[in-house]
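The values are calculated or read from the model by the stated rules, or taken from the named source; none is laboratory data. As the structure is a computational prediction, the values presented were derived from the model and not from experiment. In this analysis, Cβ positions are derived from the backbone assuming ideal geometry, glycine residues included, and neighbour counts consider all displayed protein chains. Keep in mind that these areas ignore ligands, DNA and RNA; they rest on the heavy atoms of the full protein, side chains included. Shrake-Rupley method; radii C 1.70, N 1.55, O 1.52, S 1.80 Å.
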Amino acid sequence: MTRRQHIIHGLHDGIPIAMGYFAVAFSLGIIAAKAGLTAAEGFVTSFFTRASAGEYGTWTLVAVQAAYVEVIAMGLVTNLRYMLMSAALSQKIAPGTSWLHRLLMACCITDEVFGISIAHPGYTPPAYTYAAALISTLFWATGCAVGILAGSLLPPAMVTALSMSLYGMFLAIIIPPAHQDRNVLYALAVSVVLSGLCAVMPIAAEWSSGMRTVVLTIVISAIFAWFKPIKTDDDGEA
């Protein structure tokens, strides 16, 4: 296939992702509006971030004027999985591909773009990943900007109702895995209990909400990864 065909293929596969991104980013825009971001600021930050949990965590910290170190720590913890995805995608890049293309492909990774890139038959051409990432990113950033505009124009009651849709998305993400794996369910239950306790405990209560989230995420994830690792067969498959 030619480069032009790879671009067309990437745009074709990226359009369904882009449509879903717009809806999710709209809800994020409502949160961003509450944090005081303008539509232009939301577009730029979403264009270069493209991470629902990361942006939500960042903007909630911005809303309470958290320290820069907390914002950075939140971004690192919530987006750490992309390092693993980058390592996996590197095995799908043809030998001889320049380091610049490898770097840019890593920067294009989101959960969905990684999924279609890793599933591409044979080596994944950079043009394919670029095209899929471009169309989905434009819709993501535009959805966020539209959400911010809506958050500043709609009545407060409607803004509150729309902001709840993002929590529904997070519930839709965690409930199916928790239903299939009891260890995930236990981790969620422990997270809820410890989060509540830390909000009233003498020392932890003095921390900001962002710092508590970062610490609990690292500690609980490490404990469950240590005591309840994912079992694999001899071929390394879960």
Expressed as a whole percentage, what fraction of the accessible surface of the chain belongs to carbon and sulfur atoms when a 1.4 Å probe is rolled over the protein heavy atoms? 72
Could you work out [θ]222 nm for the chain from helices alone, using -39500 (n - 2.57) per DSSP H run of at least four and dividing by all its residues? Round to the nearest 500 deg cm²/dmol. -25500 deg cm²/dmol
Would you look at the GNM of the chain, springs on alpha carbons closer than 10 Å, and say which of Lys228, Lys92, Lys34 moves the most? Lys228
Please provide three numbers in whole Å: the alpha-carbon extents of the chain along the principal axes, with the largest listed first. 61, 53, 33
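With a probe of 1.4 Å, find how much accessible area the chain has per residue, and write the answer as a whole number in Å². Working shown, then result.
Numbers: 14120 Å² over 238 residues.
With all protein chains present, the chain gives 59 Å² per residue.
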Using Cα springs under 10 Å in a Gaussian network model of the chain, which residue among Asp13, Asp181, Asp111 shows the largest mean-square fluctuation? Asp181
Taking segment 19-113, how much of its Cα-Cα pair set, in percent, is spaced more than 16 angstrom apart? 60
Near-label residues of segment 33-49 by backbone N, under 19 Å of a point 7 Å along Cα→Cβ of Leu104: 47-49
